[in-house]
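Quick notes on the structure that follows.
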């Protein structure tokens, strides 16, 4: 629930889980041992060697983008060695996946983790990457929407069917169903002017990077109201949170209820001290009122 204040805020980390970095299970144990609430992994199935699509962050594309584990395999190893933390994608490129298979992967992970999955989604930025999966770039959000709606049907119906422009199947049987009623919460990671209506229509949360931007909370509230939904029923997660207690407290005051700090894709000797620093920032945000 948004707008719960610092005492209700949750804190997590995100990292590219690569072949050369601290491995997912080891990191998950360390995150849970330090009292954090969540861990998120992003996704890129590959990066086309042509590099025609420029990196949105500018400059050269870091190698972590093409050396990351499959997020659901990595999160399953984390589920096996933890009991409490939420396990999320930040983000899953739904457009690059078959929705029937993805629905089963997510439901299976939710079951084996005891209902701890958060599904962060996006449509992606790399045109050639998604086109290698047969997707059309200009339709990426339309495709993403239909796949999400199709997965919700699979999670909630005994004989799910879906008939859309991009996803079309007659009644199917598919188990397991997710532990979480209705399926894991779906958070959309985007900052465009269209994201607010998308969140209001078919998502459970918004997960922008860096901050809401001027007026965006109001735009989101208006989109939610237009869909007959309340902001208090929406998860608001800040990704790429600053390592500054005052700034994070300010974001919580704006309505964010989940603060997610980034970790470098590096070895344990680099990552664990950074994780300890994050714990110190969290303690400062809370005013050391909680252990």
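Scanning the stretch 251-271 for residues that are more than 22 Å from the chain's Cα centre (by Cα) and either farther than 19 Å from residue 34 by Cα or not in a loop (DSSP other than H, G, I, E, B) (or both) returns 268, 269, 270. Could you please tell me which pairs satisfy a Cβ distance under 7 Å, a separation of 6+ or placement on different chains, a first residue in the stretch 158-176 that is loosely packed, with under 10 Cβ neighbours inside 10 Å, and a second residue that is part of a loop (DSSP other than H, G, I, E, B)? Listed by first residue and then by second, the contacts come to 173/159. Looking across the stretch 20-38, the residues that are surrounded by fewer than 22 Cβ atoms within 10 Å (Cβ to Cβ) and more than 13 Å from residue 79 (Cβ to Cβ) come down to 20, 23, 26, 30, 33, 34, 35, 37. For the stretch 83-114, a residue qualifies if it is surrounded by fewer than 18 Cβ atoms within 10 Å (Cβ to Cβ) and farther than 28 Å from residue 139 by Cα, and the qualifying residues are 83, 84, 108, 111, 112, 114.
Any idea which residue in the stretch 212-242 is surrounded by the fewest Cβ atoms within 10 Å (Cβ to Cβ), counting only those that are assigned to a loop (DSSP other than H, G, I, E, B) and within 20 Å of the chain's Cα centre (by Cα)?
Residues of the stretch 212-242 assigned to a loop (DSSP other than H, G, I, E, B): 212-215, 227-230, 234, 240-242.
Pick out the ones that are also within 20 Å of the chain's Cα centre (by Cα) and you get 212-213, 234, 240-242.
Details: 212: 19, 213: 11, 234: 23, 240: 14, 241: 27, 242: 16.
In this case the residue turns out to be 213.
Within the stretch 196-205, is there a residue that is touching a helix residue (DSSP H, G or I) at 6+ places or on another chain (Cβ under 9 Å), in a loop (DSSP other than H, G, I, E, B) and at pLDDT 95 or above? For the stretch 196-205, residues touching a helix residue (DSSP H, G or I) at 6+ places or on another chain (Cβ under 9 Å), in a loop (DSSP other than H, G, I, E, B) and at pLDDT 95 or above: present.
In the stretch 106-129, the residue that is nearest to residue 169 (Cα to Cα) out of those that are over 15 Å from the mean Cα position of the chain (by Cα) and in a helix (DSSP H, G or I) is 107.
The values are calculated or read from the model by the stated rules, or taken from the named source; none is laboratory data. Just so we're clear, the structure is a prediction, and the values are computed from it rather than from any experiment. Don't worry about glycine lacking a Cβ; one is built from the backbone with ideal geometry, like all the others, and counts go over all protein chains shown.
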